[in-house]
Every structure is written in structure tokens, then in C-alpha cells.
Amino acid sequence: MSMEQLLETVRAFDGVLELAPAEGSVFPEIAWGDHFFYYAPDGRVPEREQPYATIVTKNYPDDALCDLDHPDRWRVNMHVGAGAFVELTGESPRSTAKLWDYTATDTVLPHPLYRAQGWVAITNLGVRTYALATRLLHRAHDDAKRRALRRSTGSSTG
């Protein structure tokens, strides 16, 4: 699966806001070429809300384990929460027991930096992870939507 195919999938979600910083934009140069996804039907980036998924196309200064600086490498990152994290990785998000090969492709891995917050990552989706990643992205989007609706109604349940 190509990055463009994945982008088309996520762009079809209701109320999705995609930030895709490009050269010359107001965003830092390091973010150019990457994609950040929010639930924001009003088209405005939510205040005090992180994206529920990102696609990165290069190493960041503190995030180089996946070796994304090589051509045609990219990584989708998704917030899945603690329960799904355990199901997907066999570990608690806060554990550091297993050593992971972060250069692996088409494999669900704990996010190299944000695992403790319940994030997973897949470098270069393929046949093994495409359907799973699509389900996880839908779930992350739906979770972000539920949080936004709960905030807008002032409800503390949900």
C-alpha cells in the first residue's frame, strides 16, 4: 500500500482535518512533507488536542530508530490506547521489556517515542498491516470524535 492510498483512506473520514505542512508554509521545515490528522469538522485545529494519527516521511532529531531518511520510507503513527496497545504488541505501553527492530516494515511496533501514551507505528504498510491499520485509524478517528463531542457538550462521561 502506498502512502497516497493511505492518505486517500483517511481523507475520506467524516470531519477529518489534515495538516500537511509544505515548503514555504508557516510550519517548521522539519514538518514539511508530513501529515497530521485531527477530528475537526469546523476545519480548525483543536486547541490543546494532539493529532490522533500522523504520517512522517523522515527522521526527526529525537526519532531516528525507524531509519526514515532512506528513499521511499514513511511511517504511520496511531493513537490506539493502552488496551489495544497490549493486544497489538503483547506489552504494556509503559514497559520496555522487549527489544524491537524499528527498521522492520509492514509490522506493528510500539511508537519509538510515544508508546507510553498508547501509540503504535507501522513503517511502509503492506499486505500484512493494511487492513489492520485502516481499522486502527478508523478507531482513532472515532475516539477523537467522541472526545470532541464530549468536550462540546461539557459531559464527563462517554
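The values are calculated or read from the model by the stated rules, or taken from the named source; none is laboratory data. Here the structure is a predicted model, which means the values were calculated and not measured. Positions of Cβ are backbone-derived with ideal geometry, glycine not excepted, and every protein chain shown enters the neighbour counts.
The conditions of being surrounded by 19 or more Cβ atoms within 10 Å (Cβ to Cβ), touching a helix residue (DSSP H, G or I) at 6+ places or on another chain (Cβ under 7 Å) and in contact (Cβ under 8 Å) with a residue 24 or more places away in the chain are met by Trp74. Of the residues making up the range 15-31, those that are over 15 Å from the mean Cα position of the chain (by Cα) and free of Cβ contacts under 8 Å to residues at least 60 places away in the same chain are Pro21, Ala22, Glu23, Gly24, Ser25, Val26, Phe27, Pro28, Glu29, Ile30. Of the residues screened, Trp100 is not one that is in contact (Cβ under 8 Å) with a residue 24 or more places away in the chain and hydrophobic (A, V, I, L, M, F, W, C).
Yes/no matrix, rows are residues, columns are (1) crowded, with 17+ Cβ neighbours inside 10 Å; (2) not basic (Lys, Arg):
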residue	(1), (2)
Leu19	no, yes
Glu29	no, yes
Gly33	no, yes
Phe36	yes, yes
Lys58	yes, no
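Kindly indicate whether any position in the range 89-108 is crowded, with 18+ Cβ neighbours inside 10 Å and either assigned to a helix (DSSP H, G or I) or touching an Asp or Glu at 6+ places or on another chain (Cβ under 7 Å) (or both). Yes, some residue in the range 89-108 is crowded, with 18+ Cβ neighbours inside 10 Å and either assigned to a helix (DSSP H, G or I) or touching an Asp or Glu at 6+ places or on another chain (Cβ under 7 Å) (or both).
Of the residues Thr103, Thr153, which is at pLDDT below 95, over 15 Å from Thr89 (Cα atoms) and not acidic (Asp, Glu)?
Numbers: Thr103 fails: at pLDDT below 95.
Of the residues listed, the single one that is at pLDDT below 95, over 15 Å from Thr89 (Cα atoms) and not acidic (Asp, Glu) is Thr153.
Inside the range 2-47, residues that are closer than 21 Å to Ala131 by Cα, in contact with a Leu (Cβ under 9 Å, 6 or more places away or on another chain) and not in a strand (DSSP E or B) make up a count of 7.
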